[in-house]
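I have a structure here, written as structure tokens, and I will follow up with some questions on it.
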Amino acid sequence: MVPGDSGTRVTTLESDALGRPLRSVWPDQVDEQYLRDMAGNVTNLIDRAGRKTRMDYLPTSKLGSVTKQW
């Protein structure tokens, strides 16, 4: 929590059963989303402005490429 001019502002983090972030909701109710593949790798990030970033992985689960779709 961060103190603000009109009181306390709260950023909420929603996680999956393994504790991996899925969504953050900022005090202005705008969110970021983290989409994952079956291995748990983040494959898509949708930021606060709605911009999409795609991550592709090698068969070893190492990051292979990042594509900003904005």
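Looking only at region 26-70, which residues are aromatic (Phe, Trp, Tyr) and outside any loop (DSSP other than H, G, I, E, B)?
34, 57
Of all residues in region 21-33, how many are over 8 Å from the mean Cα position of the chain (by Cα) and surrounded by 12 or more Cβ atoms within 10 Å (Cβ to Cβ)?
The qualifying residues number 5.
Sticking with this structure for a sec: Among residues belonging to region 37-56 that are of a type in the set (D, E, K, R) and either open to solvent by less than 70 Å² (accessible area, probe 1.4 Å) or touching a residue at least 24 places away in the same chain (Cβ under 8 Å) (or both), point out the one that is farthest from residue 13 (Cα to Cα).
Per the stated criteria, the residue is 56.
The values are calculated or read from the model by the stated rules, or taken from the named source; none is laboratory data. What you see is a predicted model; the values in this text were computed from it and never measured. Don't worry about glycine lacking a Cβ; one is built from the backbone with ideal geometry, like all the others, and counts go over all protein chains shown. Please note that ligands, DNA and RNA were not included when accessible areas were found on the heavy atoms of the full protein model with its side chains. Shrake-Rupley method; radii C 1.70, N 1.55, O 1.52, S 1.80 Å.
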